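Trainee: Dumping the structure here so I can ask a few things about it.
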Amino acid sequence: LVTGGAGFIGSHLADELLRLGYRVRVLDNLSTGKAEYVDSRVEFIEGDVRDADAVERAMRPSATDSATDAAVAVVFHLAAMSKVGPSLHDPDMVKFCVENNVVGTENVLRSALRAGTVRKVVYAASSTFYGNQPTPFAESLPMKISSPYAVTKHQGELLMRVYDEVHGLPTVNLRFFMVYGERQPESGAYAVMTGIFLAQRERGEALTVEGDGTHFRDFVHVDDVVRSMILAWERAELRGVTVNVGSGRAVTVNEVAEMIGGEVKRVPPRAGDLEGTLADTCAAKRTLGFEARKNFEREIREMVR
Ligand SMILES: NC(=O)c1ccc[n+]([C@@H]2O[C@H](COP(=O)([O-])OP(=O)(O)OC[C@H]3O[C@@H](n4cnc5c(N)ncnc54)[C@H](O)[C@@H]3O)[C@@H](O)[C@H]2O)c1
C-alpha cells in the first residue's frame, strides 16, 4: 500500500514496485496528486488518511480477492500536507498540517497494526527536522523548529517509533532532503525551486532567485529516493531507525540558476526559508546500503533539453 501514491514521489514509487513485480494499492485523496500519474495496474482507492474508515478499508484484502497474497505486507506512508511554504502563512494551516500529517499518520499506523499482515511501515520523513543549524545534518542532531510542516512531519516520525517500540510494528523513518525529478510540482503553492526554474526557462522568462542566492540545498533525485524506500522495506532486519536520504552534496540557488541558464531576476527572500540543507550520509550507507547515484548537474541539464 502506497499512501500518497498519486503524488510526485509516491507515483514513482508505485511504478517501480510494479516493475519489481509487486502488487500495488494506492490510497490518495488527489489533493495535490494526479490521477494520471497512477498506472492502470495499480488498485487505486480515492480516499483520505484523515478518514479512519477509509484507511481501514485500504488495509484489508480487496473484496474480489480470495488469494492470501492480497493482504497488505508493507505500507509506504507518503500522504501528507507536503510542503513548507503553504504551512507558514495562516494559523489555520497548523491545524490542517496536524490533521493530515499527525492524525493521518496515526490512522495509518493503527490500521496497519490491526491488519495483522503488515510487516513494515516506511515513512516519508523530512530534512526540515533540522531547521537552521550548521551543516552537515547527522540524524543525532536535535530538532530546530522552522515551520508547522516540519513539526508535524516530525510528530509522524515519533508516532512511527511509538508503534514500533510500544506495539511491535516494524517502522523505518527516511528523512528526504530536496527531492527533484520528473513530475515535480512546477507552479502554485506546492512548487519547488527546480520545477519553477525549469518552467520559467521553458516560457523564456527570467529565473527568479530569492535573496542573494547563496542558500543551498542537498538535492536528491526521485529515483534515488524510491530506491531508498524499497531498500528500507527489503532489509527485513532494519527497523526502529531514522535515516537521512540525501546526496551529501550542497548546491546553491545561484548554481542551480547557472546550470539551467538564462537571465536571472533577483526578488526578495522568502520568509521562513531555510539557509541551507546538507545530509550526513554515513547512516544511510551503513544501515541501508544506500548512496545516491544520480548526478544533479547532469540530470538538470538533461531536463532543460
Ligand atoms: N518532495 C520533497 O522534497 C520531500 C522532502 C521531504 C519529505 N517529503 C515527503 O514525501 C511525501 C511525498 O511528497 P511529494 O513531494 O511527493 O508531495 P505530493 O504533494 O506530490 O504528494 C503527496 C500525495 O499525498 C496526497 N495526499 C495529501 N493529503 C492526503 C490525505 N489527507 N489523504 C490521502 N492522500 C493525501 C496528495 O494528493 C499527493 O498525491 C510527503 O509525505 C512529504 O512530506 C517530500
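Trainee: I need the helices (runs of 4 or more DSSP H) fully contained in region 194-305, keeping only those with at least 3 residues that are open to solvent by 60 Å² or more (accessible area, probe 1.4 Å) and more than 14 Å from F177 (Cα to Cα).
Mentor: On the way: elements: 222-234, 253-260, 296-304.
It comes to 296-304.
Trainee: Open to solvent by 50 Å² or more (accessible area, probe 1.4 Å), at pLDDT 95 or above and within 13 Å of the ligand (Cβ to nearest atom), is that true of E157?
Mentor: When the stated conditions are applied, E157 does not pass them.
Trainee: Would you point out which residue out of G5, G47 is closer than 18 Å to F176 by Cβ and out of contact with any Cys (no Cβ under 9 Å at 6 or more places or on another chain)?
Mentor: Values: G47 fails: closer than 18 Å to F176 by Cβ.
Matching residue, one of G5, G47: G5.
Trainee: Which one of the conditions (1) within 12 Å of the ligand (Cβ to nearest atom); (2) farther than 18 Å from N101 by Cβ; (3) acidic (D, E) does E56 fail to meet, given that it meets all the rest?
Mentor: All conditions pass for E56, except number (1).
Trainee: Return yes or no: is D53 assigned to a loop (DSSP other than H, G, I, E, B) and farther than 19 Å from F176 by Cβ? Steps first, please.
Mentor: Details: assigned to a loop (DSSP other than H, G, I, E, B): no; farther than 19 Å from F176 by Cβ: yes.
Considered against the rule, which asks whether it is assigned to a loop (DSSP other than H, G, I, E, B) and farther than 19 Å from F176 by Cβ, D53 comes out as no.
Trainee: Continuing with the same structure: Do the conditions hold for G21, that is, is it within 8 Å of the ligand (Cβ to nearest atom) and on the phi > 0 side of the Ramachandran plot?
Mentor: no
Trainee: Restricting attention to region 160-187, and to residues there that are open to solvent by less than 20 Å² (accessible area, probe 1.4 Å) and among the polar types (S, T, N, Q), which single residue is modelled with the lowest pLDDT?
Mentor: Q184
Trainee: Hey, among the residues in region 1-18 that are open to solvent by 20 Å² or more (accessible area, probe 1.4 Å) and within 27 Å of G188 (Cα to Cα), which one's farthest from the ligand (Cβ to nearest atom)?
Mentor: Restricting to residues being open to solvent by 20 Å² or more (accessible area, probe 1.4 Å) and within 27 Å of G188 (Cα to Cα), the top hit is D15.
Trainee: From the list Y190, Y149, exactly one residue is among the aromatic types (F, W, Y), open to solvent by 10 Å² or more (accessible area, probe 1.4 Å) and assigned to a loop (DSSP other than H, G, I, E, B). Which is it?
Mentor: When all the criteria are applied, what remains is Y190.
Trainee: Being among the aromatic types (F, W, Y) and in contact (Cβ under 8 Å) with a residue 12 or more places away in the chain is the filter here, so list the residues in region 1-32 that pass it.
Mentor: Within region 1-32, F8 is the sole residue that qualifies.
Trainee: Counting residues that are open to solvent by 10 Å² or more (accessible area, probe 1.4 Å) and modelled with pLDDT of 95 or more, which helices (runs of 4 or more DSSP H) fully inside region 72-141 reach at least 1? Steps first, answer last, please.
Mentor: Working: elements: 85-88, 92-97, 104-115.
Ranges flagged: 92-97, 104-115.
Trainee: Determine the pairs where a residue that is more than 14 Å from V192 (Cα to Cα), located within region 83-98, has a partner that is within 15 Å of the ligand (Cβ to nearest atom) and not in a helix (DSSP H, G or I) with Cβ atoms under 7 Å apart, the partner being 6 or more residues away or on another chain.
Mentor: Hits for this filter: S87/M81; S87/S147; L88/S147; F96/M81; C97/M81.
Trainee: Ok, one more. Among (1) open to solvent by 50 Å² or more (accessible area, probe 1.4 Å); (2) under 21 Å from D224 (Cα atoms), there is one condition F44 misses while meeting the rest; what is its number?
Mentor: (2) is the only condition that F44 fails.
Trainee: Report the residue count in region 127-142 for those that are within 13 Å of R217 (Cα to Cα) and within 20 Å of the chain's Cα centre (by Cα).
Mentor: Result for region 127-142: 7.
Trainee: Oh, and also: Name every residue in region 160-187 that is part of a loop (DSSP other than H, G, I, E, B), within 15 Å of the ligand (Cβ to nearest atom) and in contact (Cβ under 8 Å) with a residue 40 or more places away in the chain, in order of residue number.
Mentor: Within region 160-187, F177, G181, E182, R183, Q184, P185 qualify.
Trainee: Among the residues of region 88-100, is any within 12 Å of the ligand (Cβ to nearest atom) and over 28 Å from G272 (Cα atoms)? Show your work before the answer.
Mentor: If we filter region 88-100 for residues that are within 12 Å of the ligand (Cβ to nearest atom), which is where we start, we get 96-100.
Okay, now just the ones that are also over 28 Å from G272 (Cα atoms), so none.
Checking region 88-100: not a single residue is within 12 Å of the ligand (Cβ to nearest atom) and over 28 Å from G272 (Cα atoms).
The values are calculated or read from the model by the stated rules, or taken from the named source; none is laboratory data. These figures come from a predicted structure and were not determined experimentally. We place every Cβ from the backbone using ideal geometry, glycine too, and count neighbours over all the protein chains shown. All accessible areas refer to the heavy atoms of the entire protein, side chains included, with ligands and DNA or RNA removed. Shrake-Rupley method; radii C 1.70, N 1.55, O 1.52, S 1.80 Å.
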